[in-house]
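What follows is a set of notes on a single structure, which appears directly below.
A short reminder: the numbers here are calculations on the coordinates, not readings from a lab. Just so it is clear, the model here is predicted, and its values are computed rather than measured. So basically every Cβ, Gly included, is an ideal-geometry build from the backbone, and we count neighbours across all protein chains shown.
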Ligand code: HEM
């Protein structure tokens, strides 16, 4: 019973986290289309800050806590698929960290990536999430 509640909570917060990870680079694309120093740019900075603070930060914490609680409950530390999943989720957490840093750069007026690069970068969470779901459901190794 505890296991099922942990798993439900885990998946709910995975959805919130992934939604935020898909939205933020998209915000960056629109942000960078606004003229530097404009009122529109200030609005994008505010939206990005809220997304990071209200959605992304709480979600990543809950996903990790519930995911590790599940691993502890099921004693998965020796499973190959679980190690691979952890590696991919660490990558996703690093991606999250990069987005937070990129938001700070934008706030300082630095636009390090082009719109095209940001659009390409936006594909990362989709690819990683696909691999993670295959690992947890199919468990190929
Ligand atoms: C943040 C670190 C994470 C940890 C430590 C973790 C760990 C776990 C564990 C131990 C389970 C239970 C597996 C089982 O029922 O046998 C699980 C289930 C699941 N996880 Fe994660 N997870 C994490 C992040 C993610 C992410 C980012 C995704 C998707 C992108 C994800 C998708 C899922 C899904 C779909 C299930 C349900 C699998 C099933 O039906 O059994 N997890 N997770």
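See the values below:
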{"read-out": "When residues of region 114-141 are limited to those that are in contact with a helix residue (DSSP H, G or I) (Cβ under 7 Å, 6 or more places away or on another chain) and not in a helix (DSSP H, G or I), the one nearest to the ligand (Cβ to nearest atom)", "value": "139"}
{"read-out": "Which listed residue, of 64, 44, is assigned to a helix (DSSP H, G or I) and in contact with a helix residue (DSSP H, G or I) (Cβ under 6 Å, 6 or more places away or on another chain)", "value": "44"}
{"read-out": "Residue under evaluation residue 55, criteria (1) touching a helix residue (DSSP H, G or I) at 6+ places or on another chain (Cβ under 6 Å); (2) over 18 Å from residue 121 (Cα atoms); (3) within 12 Å of the ligand (Cβ to nearest atom), criterion not met", "value": "(3)"}
{"read-out": "Residue in region 104-117 that is surrounded by fewer than 14 Cβ atoms within 10 Å (Cβ to Cβ) and farther than 22 Å from residue 40 by Cβ present", "value": "no"}
{"read-out": "In region 62-84, the residues that are closer than 19 Å to residue 13 by Cα and near the ligand (Cβ under 6 Å from one of its atoms)", "value": "63, 64, 67, 68, 70, 71"}
